[in-house]
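Okay, so here's the structure we're looking at.
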Amino acid sequence: MQRGALLDAARSLLSEGGTEALTFPALAERTGLARSSVYEYFRSRAAVVEELCAVDFPVWAAEVEAAMAGADTPEARIEAYVRQQLALVGDRRHRAVVAISASELDGGAREKIRAAHGGLIAMIVDALAELGHQRPRLAAMLLQGVVDAAVRRIELGAAEDPAEIAEAAVSMALRGVRG
């Protein structure tokens, strides 16, 4: 129960103020726990981040996978892959993951994040192979780069409407993957 409350508080802190806001005193204040109690659950800030990734990333990835499952062509799966990730930008779990990826983490935490992203990228490899890509894994990583750039653009509150950014990302992804 307390662990869940701490993770929820960490999500809020990360989405509101980035990694600088994620401190043990702030977690204690948000949850009503003593600061020493926070250390009973997590040994470090990196441990909080690792737990958030372990809990939140699979949920996020499952939502992307579910969106792709409803598509009947490789192009439609690629479009669903892009659109669902961009639709999740406003979600607190996503904001936390974005904030986490920008933070200074130890090697173990970074490796867990890389592995989680690798799982996300693996979802789209088959669709790219069906389209005849010679190197579908490389194409998937580049496609994720387009998604990541669109996410950053939306997160920055760019002059373009998020729907316009999504349309541009989908168009770029579909034209690029057909090449």
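The values are calculated or read from the model by the stated rules, or taken from the named source; none is laboratory data. This one's a predicted model, so the numbers in the text were calculated from it and none came from an experiment. Cβ atoms come from the backbone with ideal geometry, glycine included; neighbour counts cover every protein chain shown. Side chains included, ligands, DNA and RNA excluded: accessible areas come from the protein's heavy atoms. Shrake-Rupley method; radii C 1.70, N 1.55, O 1.52, S 1.80 Å.
Some points to look at:
- Taking 0.36 nm per residue of separation and subtracting the Cα-Cα distance, full extension of the segment from residue 171 to residue 156 would add 3.3 nm.
- Dipole of the chain computed with +1 at Lys/Arg Cβ and -1 at Asp/Glu Cβ about the Cα centre; of 28, 66, 173, farthest Cα towards the positive end is 28.
- Among residues other than residue 73 with Cβ under 11 Å from its Cβ, the summed charge is -3 (Lys and Arg +1, Asp and Glu -1).
- For region 114-145 and region 50-84, distance of Cα centres in Å: 13 Å
- With contacts taken as Cα pairs under 8 Å at a separation of at least 6 residues, the chain carries a relative contact order of 22 percent.
- Summarising the amide proton neighbourhood of residue 133: residues at separation of 5 or more, or on other chains, whose placed amide H is nearer than 5 Å comprise an empty set.
- For the chain, adding -39500 (n - 2.57) for each run of n ≥ 4 DSSP H residues and dividing by the number of residues yields -26000 deg cm²/dmol at 222 nm.
- Net charge of neighbours whose Cβ lies under 11 Å from the Cβ of residue 130, counting Lys and Arg as +1 and Asp and Glu as -1: -1
- Extension gain from residue 138 to residue 16, taking 0.36 nm per residue of separation minus the Cα-Cα distance: 40.5 nm
- Heavy-atom accessible surface of the chain: percent carbon and sulfur, 1.4 Å: 53 percent
- Highest to lowest packing among 32-38, 57-63, 138-144, scored as the average C-beta count within 10 Å: 138-144, 57-63, 32-38
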